[in-house]
Amino acid sequence: MTRKKKYILSTTLFLAILVIDQIIKVSVKTGMYLGERIEITSWFSLLFVENNGMAFGWELWGGKLFLTLFRIIAIGLIGWFIHREIKRREPTGYIVCLTLIAAGAAGNIIDCLFYGLIFNNPPYPEVAEIQPWGYGYGEFLYGKVVDMFYFPLIEWDMPKWMPIYSGQHCVFFSPIFNFADAAISCGIIALLLFYHKQISKFQLGE
């Protein structure tokens with residue numbers, strides 16, 4: 001594939017992921033109340049939560065502002081890196097993986113930048129509504145990331161005779177995530193599985 005086609009592919013994929021991610025998030029934000037769960041199957045639900053942290057709701061040291069600024073800088077660096085790798089004629093699949101990571105990070109950045117400005121934060125069981133610009137629940141850079149995909153693949157209760165965890169309800173794969181998180185994860189996993197050569201060159205600073 002020519003460099004021009006790789007640029008087109010990367011840009012198109014980036015924009016497509018952003019659009020799909022935001023359509024899902026806005027639909028959930030304006031169609032479900034915070035904490036609402038819609039069970040699709042016994043192992044998959046839509047569960048509306050919001051968080052200030054990293055992918056899958058994990059928290060990051062340094063607070064919300066640090067996290068948002070870190071994401072913005074990371075997106076700029078990844079974008080520059082994709083441009084460099086295309087010029088170096090790296091494999092198309094490798095470029096796709098990098099684009100997935102960049103687009104996923106950008107999708108969550110949009111939430112952080114603008115959701116606090118355009119959405120209200122109503123009490124249970126009301127759903128959020130879009131507000132005039134600047135009249136939302138928070139300030140610029142302080143929006144919360146919307147998550148909704150929940151896959152409790154296996155659930156069980158610990159035996160009552162077990163110390164410490166007696167009777168505790170356990171869930172295998174409890175993180176709640178969004179489409180952007182999924183894009184990041186798929187990109188990273190594919191890089192680790194199929195592009196050892198490129199990762200090695202990056203580690204060596206080539």
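Let's see how each residue does on (1) within 20 Å of V28 (Cα to Cα); (2) of a type in the set (A, V, I, L, M):
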residue	(1), (2)
G104	yes, no
L113	yes, yes
L117	yes, yes
P132	yes, no
Y137	yes, no
L141	no, yes
Q168	no, no
A180	yes, yes
A183	yes, yes
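Quick check, is F202 modelled with pLDDT under 70 and under 30 Å from D21 (Cβ atoms)?
Numbers: modelled with pLDDT under 70: yes; under 30 Å from D21 (Cβ atoms): yes.
Spelling it out, F202 is indeed modelled with pLDDT under 70 and under 30 Å from D21 (Cβ atoms).
The sole residue among Y124, Y150, Y137, Y115 that is in contact with a Lys or Arg (Cβ under 9 Å, 6 or more places away or on another chain) and either free of Cβ contacts under 8 Å to residues at least 24 places away in the same chain or surrounded by fewer than 11 Cβ atoms within 10 Å (Cβ to Cβ) (or both) is Y137. Cβ contacts < 6 Å: first residue within 15 Å of Y124 (Cβ to Cβ), restricted to the range 27-54; second residue modelled with pLDDT under 95 and not hydroxyl-bearing (S, T, Y), any location; separation 6+ or different chain. Result? Pairs that qualify, where the first residue is within 15 Å of Y124 (Cβ to Cβ) and the partner is modelled with pLDDT under 95 and not hydroxyl-bearing (S, T, Y), are Y33/P125; L47/I176; V49/I176; E50/K144. The set of residues in the range 21-37 being assigned to a helix (DSSP H, G or I) and crowded, with 16+ Cβ neighbours inside 10 Å consists of D21, Q22, I24, K25, V26, V28, K29.
The values are calculated or read from the model by the stated rules, or taken from the named source; none is laboratory data. Computed from a prediction, not measured in an experiment: that's the story for all the values here. Note that each Cβ is placed from the backbone with ideal geometry, even for glycine, and that neighbours are counted across all protein chains shown.
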